[in-house]
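Just so it is clear, none of the values below were taken in a lab; they were calculated from the coordinates. Just so we're clear, the structure is a prediction, and the values are computed from it rather than from any experiment. Here the Cβ is made from the backbone with ideal geometry for all residues, glycine too, and neighbour counts use every protein chain on show.
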Amino acid sequence: MSGWANYIVFIIATGGFYALLALSLNLIWGGAGMVNLGLAGFFALGAYASALLTVSAGAPIVAGFVGALVVGAVGGYVVTMSTTRLRGDYLAIVTLGFAETIRLIANNEIWLTRGSDGISGIPGPFRAALGGWFNAAYAAGTVALVVLVWFLLRRLDLSPYGRALRAVREDQQVAQVAGKRILRFKIEAFAISAAIAALAGALYGHFNSYVAPDVFQPLITIYIFLAVAAGGVGRAAGAVLGAYLVIFFLEATRFAAAAIPDLSPVQHAAIREMLVGLALVLVLRWRPQGLLPEHIPPAPRPASTS
Amino acid sequence: MTARFSRLTRRTALAAGAMTLAMPAVVRAQGEPIRLATLTPLTGAGGPYGPVMAKAAAAVVEEVNKAGGVLGRRVQLVSEDDQTNPEAGVRAARKLIDVDKVAAIMGTWASSVTTAVAPLCWESKTMLCTVSGADSITQLPHQGYLIRTQPNSTLQVRRLGEYILSLGARRVFQMIPQTPFTQSSITLLEAALKKGGGDQGSLIYDDKKPTYRSEVDQALRYNPDLIFAAGYTPDTVVLLKDLFRAGFKGKIIGFAYSINQKLIDQIGQADVVEGVYTFAPSPAADATAYERVKKVVGTDSPDPYTCQVYDHVNLVLMAIAAAKEASGTAIRDTVRKVSQGGGKTIDNAVDGIKAITAGEKVDYVGASGPCDFDEKGDIIDCKFRYEQVKANKLTLLKIA
């Protein structure tokens with residue numbers, strides 16, 4: 001496979017990683033109301049866990065994915081346990097710090113992570129056997145995983161558990177008064193969310209065969225916030241749609257900016273960045289609820305007893 | 001009348017039909033441009049360097065097109081932004097390879113971006129020319145589809161050590177941010193200094209801090225007679241100011257890509273930067289390509305990356321001319337035939353293409369150095385340029 005088809009397939013796969021990150025953010029931000037600015041950190045945890053397991057320890061790729069999920073969930077558990085008293089902006093700042101800490105560890109603990117050189121030569125599943133079709137097969141697998149995660153999160157949303165989570169989001173004191181163990185809900189939601197972000201990281205690493213601290217700059221977290229805000233906070237389908245819109249938009253601006261004649265490359269780059277900013281402003285101004293706004297199904301009425 | 005007219009029409013139609021069938025092949029051969037790409041950091045941490053690099057590359061292509069192109073075809077340059085981020089860089093490279101179908105990607109700057117983009121290039125048989133310095137890059141299994149014009153850290157640091165000793169400094173303190181060459185820079189410089197009876201202390205700092213007072217204190221406790229400031233421009237501005245405030249009286253040396261006119265202007269105090277030494281890989285003093293780069297980008301001291309990307313474009317264009325084919329594999333197989341091995345000394349692609357078409361053997365001597373590559377894609381040797389800041393201006397000490 002080559003040419004446009006290969007490029008589009010590549011974008012579909014990359015969009016899938018973004019979509020998983022958006023689903024992760026949507027669960028914790030849209031579902032439980034906790035702002036996680038450390039998404040890039042959990043993304044990095046998964047990518048490094050899987051890369052180290054498969055490259056340094058020689059484990060099979062499946063073990064890499066499982067390891068990423070476990071490390072991500074444990075990371076999420078540790079972050080929530082150490083921030084149980086923090087809410088809102090304060091939690092956001094701590095999570096941002098967490099992501100930077102992960103990036104600095106990856107940069108400086110050279111014995112483990114190979115520092116800023118990064119880890120190259122990460123194996124991809126059946127890469128040699130598939131040859132030119134690897135990208136297409138991987139994109140299909142990624143999309144299948146996105147659909148699976150979306151389906152599971154939707155089930156979660158519609159279940160009593162999802163309703164309790166939203167109750168925590170709306171007012172955690174009321175939820176507590178109603179007898180919900182809010183700390184447990186928060187920890188579980190955060191751990192699941194972190195595991196999904198880590199899964200995205202593992203997928204990214206095995207696809208591109210290379211991870212380095214530079215990949216996990218805060219920029220990617222901002223893109224995902226843009227995706228979830230545009231798609232609709234609190235709705236899994238919105239997050240997926242938003243992620244694909246963002247990646248489509250990022251790539252389309254390449255061609256749009258290049259169509260303007262007589263500009264230097266740096267001006268094209270600046271126009272691309274301006275368009276991304278403009279898109280965010282327009283979405284927040286005209287459609288703050290997102291393209292697919294959350295709709296909360298009415299709670300089932302208890303069977304009448306009279 | 002009508003019958004003849006219609007017969008004529010039929011014949012014309014036939015001829016026209018035959019011509020439309022035949023024409024596209026001819027038009028295509030002459031009309032389809034040779035596509036090349038730059039992938040430089042236009043935004044992000046590499047933002048100060050990438051735009052000028054893209055400009056220099058575009059200037060070379062324009063010159064060659066004015067002189068009639070290569071193999072009778074026009075050259076088209078596509079410039080993308082790697083955002084100094086491997087993830088964004090890979091997306092941009094995918095577009096360049098799949099959509100634009102370029103034969104070569106030139107000018108990748110950050111080592112992480114180069115390492116991320118390299119597999120895409122060798123898998124799709126696209127040539128990659130880079131300015132990244134990490135030693136690990138040429139160790140990748142790139143099958144020849146990668147050359148770099150930046151001397152690797154082993155070569156740079158060995159020369160630096162010799163120069164420091166020649167300045168009479170014995171106690172050296174290295175202050176360096178975390179980069180792909182940090183570890184090798186520290187160990188190699190220590191080895192080079194110890195060979196000449198010197199010694200080294202070192203410290204790795206975070207290049208995004210707003211102040212380096214505690215780092216400077218730690219450096220001064222070592223009581224150095226020379227400090228090697230091995231960062232990039234933004235952090236070195238802060239570091240030099242803090243060293244001045246702390247009253248450091250010894251010598252300071254740094255890379256020319258960080259201690260440049262921009263840094264001197266930004267600091268704006270002659271006392272802070274007076275006497276600071278810089279060094280950079282350089283062409284021989286009489287190399288004419290460097291003068292050409294100055295004219296192209298319109299500054300008196302083009303940075304080494306701009307010189308290197310200028311060399312990339314010239315080398316790639318001449319390799320295409322010599323191979324008579326515009327593919328990544330052709331460039332890989334012939335680039336060393338135009339870069340080294342004797343022949344007519346050439347400093348730009350326009351003259352080079354003319355000489356190659358006339359059947360002459362050429363040897364390119366570029367703006368960044370002699371541009372001779374070993375089989376791994378590293379440059380074999382190059383001269384270094386040593387300068388010193390005097391009254392807010394960089395003045396040349398020597399090229400050796």
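A cut-off under 15 angstrom between Cβ atoms defines the neighbours of A:Leu158, and their net charge, with Lys, Arg +1 and Asp, Glu -1, is +3. For segment A:1-55, the orientation-averaged shadow of the C-alpha convex hull comes to 5.2 nm² (one quarter of the hull surface).
Could you work out the relative contact order of segment A:3-216, using alpha carbon pairs under 8 angstrom and six or more residues apart, expressed as a whole percent? Numbers along the way, then the final one.
Numbers: 331 pairs, mean separation 94.4, N = 214.
Computed value for segment A:3-216: 44 percent relative contact order.
Summary of the geometry: segment A:222-255 and segment B:137-152, compared by the centres of their Cα atoms, lie 36 Å apart. A dipole drawn for the protein assembly as shown from +1 and -1 charges on Cβ atoms has a positive end, and of A:Phe151, B:Pro33, B:Ala118 the residue lying farthest that way is A:Phe151. Work out the charge dipole of segment A:195-306 with +1 on the Cβ of Lys and Arg and -1 on the Cβ of Asp and Glu about the Cα centre, then indicate which of A:Ala269, A:Leu282, A:Ile222 is farthest towards its positive end. Of the options given, the answer is A:Leu282. The mean of 1/r over all distinct Cα pairs in the protein assembly as shown, once inverted, gives the Kirkwood hydrodynamic radius of 27.7 Å. Annotation: average projected area of segment B:203-257 is 3.4 square nanometres, based on the convex hull of Cα atoms across all directions. Note on A:110-117: average number of Cβ atoms from other chains within 10 Å of each residue's Cβ is 4.
Is there a simple number for the mean count of other chain Cβ atoms within 10 Å of the Cβ of residues in B:89-101, and what is it?
Other-chain Cβ atoms within 10 Å of each residue's Cβ, averaged: 5.
Ranked by the mean number of other Cβ atoms within 10 Å of their residues, highest first, the peptides A:127-135, B:73-81, A:232-240 come out as A:232-240, B:73-81, A:127-135. Summarising the strand pairing of the protein assembly as shown, around 30 percent of its internal DSSP beta bridges are antiparallel. Please give the helix A:134-158 orientation as an angle from the longest Cα principal axis of chain A, in degrees from 0 to 90, rounded to the nearest 10. Computed tilt is about 10 degrees.
Above 33 angstrom, tally the Cα pairs of chain A and express them as a % of all pairs, no decimals. Here the long-distance tail beyond 33 Å is 26 percent of all Cα pairs in chain A.
Evaluated with a Cβ-only charge set (Lys, Arg +1; Asp, Glu -1), segment A:3-216 carries a dipole of roughly 640 debye about its Cα centre, given to the nearest 20. Rounded to two decimals, the Cα-based Rg/Rh of segment B:78-234, with Kirkwood Rh, is 1.08.
Counting only C-alpha contacts under 8 Å and six or more residues apart, can you give the relative contact order of segment B:69-200 as a whole percent? All intermediate terms of the calculation are to be shown ahead of the outcome.
Working: 165 pairs, mean separation 22.8, N = 132.
Relative contact order of segment B:69-200: 17 percent.
With only Lys, Arg, Asp and Glu charged, each at its Cβ (+1 for the first two, -1 for the last two), find how big the charge dipole of chain B is about the Cα centre; round to the nearest 20 debye.
Numbers: 47 positive and 41 negative charges, 263 e Å.
So the dipole magnitude of chain B works out to roughly 1260 debye.
Rounded to the nearest 10 degrees, the inclination of helix B:328-339 to the longest alpha-carbon principal axis of chain B is 60 degrees. Inter-chain neighbour count for B:44-54: the average number of beta-carbon atoms from partner chains within 10 Å of each residue's beta-carbon is 2. Across the alpha-carbon atoms of segment B:189-325, the computed radius of gyration and Dmax are 18.8, 62 angstrom.
Using the crude model of +1 on Lys and Arg Cβ and -1 on Asp and Glu Cβ, and no other charge, please compute the dipole size for the protein assembly as shown relative to its Cα centre, in debye to 20.
Working: 67 positive and 54 negative charges, 331 e Å.
Using Cβ point charges on Lys, Arg, Asp and Glu, the protein assembly as shown gives about 1580 debye.
Working note: 222 nm ellipticity from helices only, DSSP H runs with n ≥ 4, each -39,500 (n - 2.57), summed and divided by the residues of the protein assembly as shown, gives -18500 deg cm²/dmol to the nearest 500.
Taking one quarter of the surface of the C-alpha convex hull of chain B gives a mean projected area of 23.3 nm².
For chain B, the longest principal axis of the C-alpha atoms and the axis of helix B:153-166 are separated by about 40°.
When you count, for each residue, the other Cβ atoms within 10 Å and take the mean per peptide, how do B:270-279, B:221-230 rank with the highest first?
B:221-230, B:270-279
Per the Cα gyration tensor, segment A:146-245 maps to an equivalent ellipsoid with semi-axes of 29, 15, 14 Å, ordered largest to smallest.
Between the residues B:Ile356, B:Thr299, B:Ala322, the greatest Cα displacement towards the positive end of the dipole of segment B:276-400, with unit charges on the Cβ of Lys, Arg, Asp and Glu, is found for B:Thr299.
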